[in-house]
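Here the structure is laid out as structure tokens; the discussion comes afterwards.
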Amino acid sequence: MIGYKELNTIKEYIEAKTNFTPKAGLVLGSGLGGFSKRIDKIAEIPYSEIPGFPVSTVEGHNGSFIFGYIGKNRLPIVAMSGRVHYYEGYHMSEVVAPVRTMGLLGAKTIILTNAAGGINMSFNPGDLMIINDVITTFIPNPLIGPNIEELGTRFPDMSKIFSDRLIEVLKRVSKESGVNLCEGVYAQCTGPSFETPAEINMLKTLGADAVGMSTACEAIAARHMGIEVCGVSCISNMAAGILDQPLTHAEVQETADKVSSHFESIILGLCQNL
Ligand code: HPA
């Protein structure tokens with residue numbers, strides 16, 4: 001469990017090293033790995049260096065926080081290069097600790113990105129989807145446990161997790177840059193196995209447009225803190241059973257890499273309009 005005391009130790013460690021107050025936080029999902037090169041970096045702190053901080057066990061590297069300025073407006077930003085997932089075996093309070101840390105460091109806005117399987121039949125692999133709501137019924141709620149009063153209330157409202165203002169900005173940026181964005185509901189499952197076709201059928205019936213293994217819990221934790229949240233999924237594959245073919249992580253990675261330049265320009269445009 002990571003509680004308020006541990007979060008403060010983490011925050012103090014980072015502040016002692018960086019002396020930097022980010023206005024926004026950005027989680028770099030699949031397809032956005034290269035985005036960190038666009039940041040005028042002033043510091044990078046590997047997660048493995050931070051006391052009590054969860055370390056990613058799946059990606060090629062363990063992950064790090066990148067601090068610096070982004071875009072023409074030189075927005076002070078902290079980016080997470082690598083995230084931890086519930087399926088790695090971490091407690092939910094550990095999974096959302098990085099997002100909470102960004103909030104405690106000063107981020108008023110958090111941009112979440114990921115790769116997701118497309119459920120909506122009008123989507124195609126390579127599409128970018130604005131997340132307008134989430135289904136978290138199939139994962140433990142990240143706020144279970146003693147409420148951290150310093151972060152937010154016991155029963156926070158979740159009727160508008162994703163900021164209308166930021167969704168409008170994303171749509172404007174998409175028009176200006178000629179990158180098409182679709183929009184929909186993201187359902188989070190635990191993974192690590194991909195869903196079964198029967199599960200995808202169920203999620204479709206429940207109103208999900210895309211499915212993934214991250215992000216929704218992060219969005220809830222950020223919203224609990226009153227942070228303005230926005231999210232974009234790269235539809236890296238059609239979900240199980242929609243096409244008659246097995247799913248692989250390699251396919252997810254390949255599609256995400258293919259659309260990375262579009263993904264980066266949308267997220268850069270958003271940062272320039274915060
Ligand atoms: N299911 C769950 N998570 C995913 C998928 C999927 O099809 N694609 C990318 N992340």
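The residue list G126, G118, G184 contains one member that is farther than 20 Å from L274 by Cβ and touching a Pro at 6+ places or on another chain (Cβ under 9 Å), which is G118.
Considering only residues that are assigned to a loop (DSSP other than H, G, I, E, B) and away from the ligand (no atom under 13 Å from the Cβ), look in the stretch 124-141 and name the one that is most open to solvent (accessible area, probe 1.4 Å).
To start, the set of residues in the stretch 124-141 that are assigned to a loop (DSSP other than H, G, I, E, B) comprises 124-127, 136-141.
Subset that is away from the ligand (no atom under 13 Å from the Cβ): 124, 136-137, 140-141.
On the way: N124: 91, T136: 34, T137: 108, P140: 43, N141: 60 Å².
Looking at residues that are assigned to a loop (DSSP other than H, G, I, E, B) and away from the ligand (no atom under 13 Å from the Cβ), I get T137.
Scanning the stretch 20-70 for residues being open to solvent by 30 Å² or more (accessible area, probe 1.4 Å), outside any strand (DSSP E or B) and touching a Lys or Arg at 6+ places or on another chain (Cβ under 8 Å) gives a total of 1. Under the condition of being assigned to a helix (DSSP H, G or I) and away from the ligand (no atom under 14 Å from the Cβ), the residues counted in the stretch 241-257 number 0. Yes or no: the stretch 27-46 includes at least one residue that is in contact with a helix residue (DSSP H, G or I) (Cβ under 8 Å, 6 or more places away or on another chain), of a type in the set (D, E) and modelled with pLDDT of 95 or more. Looking for residues that are in contact with a helix residue (DSSP H, G or I) (Cβ under 8 Å, 6 or more places away or on another chain), of a type in the set (D, E) and modelled with pLDDT of 95 or more, one finds none in the stretch 27-46, hence no.
From I200, I148, grab the single residue that is more than 16 Å from the ligand (Cβ to nearest atom) and modelled with pLDDT of 95 or more.
Working: I200 fails: more than 16 Å from the ligand (Cβ to nearest atom).
Answer to the selection: I148.
This table checks each residue for (1) open to solvent by 10 Å² or more (accessible area, probe 1.4 Å); (2) away from the ligand (no atom under 16 Å from the Cβ); (3) out of contact with any Phe, Trp or Tyr (no Cβ under 6 Å at 6 or more places or on another chain).
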| site | (1), (2), (3) |
| --- | --- |
| L143 | yes, yes, yes |
| R154 | yes, yes, yes |
| S163 | yes, yes, yes |
| I167 | yes, yes, yes |
| T196 | yes, no, yes |
| T215 | no, no, yes |
| A239 | no, no, yes |
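Annotation: A250 fulfils all but one of (1) more than 18 Å from G191 (Cα to Cα); (2) without any contact (Cβ under 8 Å) to a residue 24 or more places away in the chain; the unmet one is (1).
Residues checked against (1) open to solvent by 10 Å² or more (accessible area, probe 1.4 Å); (2) under 12 Å from the mean Cα position of the chain (by Cα); (3) on the phi < 0 side of the Ramachandran plot:
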position	(1), (2), (3)
R74	yes, no, no
S81	yes, yes, yes
Y87	yes, no, yes
L104	yes, no, yes
I111	no, yes, yes
G117	no, no, yes
S122	yes, no, yes
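T205 meets the conditions (1) hydroxyl-bearing (S, T, Y); (2) open to solvent by less than 70 Å² (accessible area, probe 1.4 Å); (3) more than 10 Å from the ligand (Cβ to nearest atom) in every case but one. The failed one is (2).
Report, by residue number, each residue of the stretch 29-74 that is within 16 Å of the ligand (Cβ to nearest atom) and within 21 Å of I110 (Cβ to Cβ). Working first, answer last.
First, the residues of the stretch 29-74 that are within 16 Å of the ligand (Cβ to nearest atom): 29-33, 56, 58-59.
Scanning the stretch 29-74 gives G29, S30, G31, L32, G33, S56, E59.
Considering C271, C182, C230, C234, the condition of being near the ligand (Cβ under 9 Å from one of its atoms) and either buried (at least 18 other Cβ atoms within 10 Å of the Cβ) or not aromatic (F, W, Y) (or both) is satisfied by C234 alone.
The values are calculated or read from the model by the stated rules, or taken from the named source; none is laboratory data. Because the structure is a prediction, the values reported are computed rather than measured. Methodologically, a virtual Cβ is constructed for each residue, glycine included, from the backbone with ideal geometry; neighbour enumeration extends over all protein chains shown. Calculation scope for accessible area: heavy atoms of the full protein, side chains included, ligands and nucleic acids excluded. Shrake-Rupley method; radii C 1.70, N 1.55, O 1.52, S 1.80 Å.
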